[in-house]
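Step one of this worksheet: look at the structure below.
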Amino acid sequence: VVLKRYLLTPGPTPVPDEVLLAGARGIVHHRSPEYSELFLRVLDGLRYVFQTENDILVFSASGTGAMESAVTNLASPGDRVLVASNGNFGRRWQELNETYGAQVTLLDYEWGQKVDPVDIAQALQADAGYVAVFCTQSETSTGVVNDIREIAKVVRPHRAVLVVDAVSGLGATDLRTDEWGVDVVVSGSQKALMTPPGLAFVSVSQEAWELNSRVRNPSYYVSWRESKKALEDPSPQMPWTPPVGVMLSLDKALQLIHEEGLEQVFRRHRILGKAAREAAKALGLELFSLDDPEATSVTAVWVPEGVDGSELTRVMMLTYGVTIAGGQGRVAGKIFRLGHCGYFGPFDIITAIASLEMALRDVGFESQLGAGVAAAQRVFLEEKTW
Ligand SMILES: *Cc1c(COP(=O)(O)O)cnc(C)c1O
């Protein structure tokens, strides 16, 4: 039996054929003029997506590697840091900081809720000692997108630098690094950037470089200083061997994003998110995260009473070939997550919802066939273009 597969997870995400093909060629040597040209073009494309003129450092790593680089290159042992966490990836900031000996003050929110910028403002006002604030733009574990513009506004008057994990949000939701004053933005190749896994990025502001100049943590492979030195070489490069094929693919993907235009990319993601939420509601399911127009990367939904969540996602994958994500951490088995950041269009959502309707029946939940699909179709019909 040939089962056609559909990937609808919030990372890694589907990759357009032309992006895959761009990486399927002979190796370009990473210390050659041809590579420098490619790398410079990629950095330009990243500056467009990051909306910044700051340095962008590139690492051979998944997103967590770039997050770890931010912690080791900014926070020294004993330094006070503020972590605002509303899910699994916020907790990762806490764990990384604790691993390297920073003293963490945690603003801990219910999973599915948004970080409240007022709490960050109060914490910073009460204590001037924080060197950095860590938070997440798109909290992939819950589907919640935090308001980075407001968070940046409350952090700006203080000496602390703001570090944002935008691994699943960058390229799906607006993030104006320079205009909003976000010091450090972390992202990865394998989510909204429509590229295979393997590359991760951080943008670094002048204030973040100043903090870095005082840092006492050791760092070698992900040292920001080594990265910057290689960037400033007459032939800009990375200090160590990059995954050249992924870099070639990323070059193509960034070109596609530039051609679509960021505004349209964000608009398409808002429509995809809305269609997914309307479909879930029409099926009588309860959204796990907020019904928020900015929830553009992933839609998280409660598994209905009496249904085993892991069974539901298993049936979708094995019977219908549709791979979605279950819940992580404390909501494992209780929610499912439909990813739509990156290379997604209306018929990805419709496919996912159609298979969800069928799988729900298979596991004993009486959903009305076609109700979710129709709700998604109505959203796409209203919007007309995506
Ligand atoms: C995917 C993701 C990461 C990084 O995960 P990796 O598996 O290391 O790439 C970090 N933060 C968020 C919000 C993510 O979605």
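Quick check on the range 313-326: of everything there that is among the aliphatic types (A, V, I, L, M) and out of contact with any Leu (no Cβ under 7 Å at 6 or more places or on another chain), which residue is farthest from Lys281 (Cα to Cα)?
Applying the filter and picking the extreme gives Leu318.
Could you tell me whether Val167 is open to solvent by less than 20 Å² (accessible area, probe 1.4 Å), under 22 Å from Arg267 (Cβ atoms) and either within 16 Å of the ligand (Cβ to nearest atom) or not hydroxyl-bearing (Ser, Thr, Tyr) (or both)?
yes
Test Phe89 against the criterion of being touching a strand residue (DSSP E or B) at 6+ places or on another chain (Cβ under 7 Å), crowded, with 21+ Cβ neighbours inside 10 Å and either of a type in the set (Val, Ile, Thr) or farther than 20 Å from Pro157 by Cβ (or both), and give yes or no.
The answer is yes for Phe89.
Regarding Ala325, is this residue within 22 Å of Ser289 (Cβ to Cβ), open to solvent by 40 Å² or more (accessible area, probe 1.4 Å) and within 26 Å of the chain's Cα centre (by Cα)?
no
Find all pairs meeting these conditions: Cβ atoms under 8 angstrom apart; at least six residues apart or on different chains; first residue within the range 259-270 and under 18 Å from Lys191 (Cβ atoms); second residue of a type in the set (Ser, Thr, Tyr).
Leu262/Tyr48; Phe266/Thr173; Phe266/Thr296; His269/Thr173; His269/Thr296; His269/Ser297; Arg270/Thr296
Can you pull out the residues in the range 356-386 that are within 22 Å of Gly339 (Cβ to Cβ), under 29 Å from the mean Cα position of the chain (by Cα) and acidic (Asp, Glu)?
Glu357, Glu383
So which residues in the range 274-326 are within 16 Å of the ligand (Cβ to nearest atom) and assigned to a helix (DSSP H, G or I)?
Those that are within 16 Å of the ligand (Cβ to nearest atom) and assigned to a helix (DSSP H, G or I): none in the range 274-326.
Scan the range 31-55 residue by residue and report those that are open to solvent by less than 20 Å² (accessible area, probe 1.4 Å) and closer than 29 Å to Thr105 by Cβ.
Passing the criteria: Phe50, Thr52.
Answer yes if at least one residue in the range 169-181 is under 22 Å from Lys252 (Cβ atoms), of a type outside the set (A, V, I, L, M, F, W, C) and touching a residue at least 12 places away in the same chain (Cβ under 8 Å), and no otherwise.
Scanning the range 169-181 turns up at least one residue that is under 22 Å from Lys252 (Cβ atoms), of a type outside the set (A, V, I, L, M, F, W, C) and touching a residue at least 12 places away in the same chain (Cβ under 8 Å).
Can you find, within the range 366-386, the residue that is nearest to Gly306 (Cα to Cα) among those that are surrounded by 14 or more Cβ atoms within 10 Å (Cβ to Cβ) and at pLDDT below 95?
Only one residue fits best here, namely Ser367.
Checking the conditions here, which among Asp178, Asp147, Asp183 is within 16 Å of the ligand (Cβ to nearest atom) and of a type in the set (Asp, Glu)?
Of the residues listed, the single one that is within 16 Å of the ligand (Cβ to nearest atom) and of a type in the set (Asp, Glu) is Asp147.
The values are calculated or read from the model by the stated rules, or taken from the named source; none is laboratory data. Since the model is a prediction, treat every value here as computed from it, not as a measurement. Note: ideal-geometry Cβ built from the backbone for every residue, glycine included; neighbour counts use all protein chains shown. Accessible surface is based on the protein model in full, side chains and every heavy atom, while ligands, DNA and RNA are left aside. Shrake-Rupley method; radii C 1.70, N 1.55, O 1.52, S 1.80 Å.
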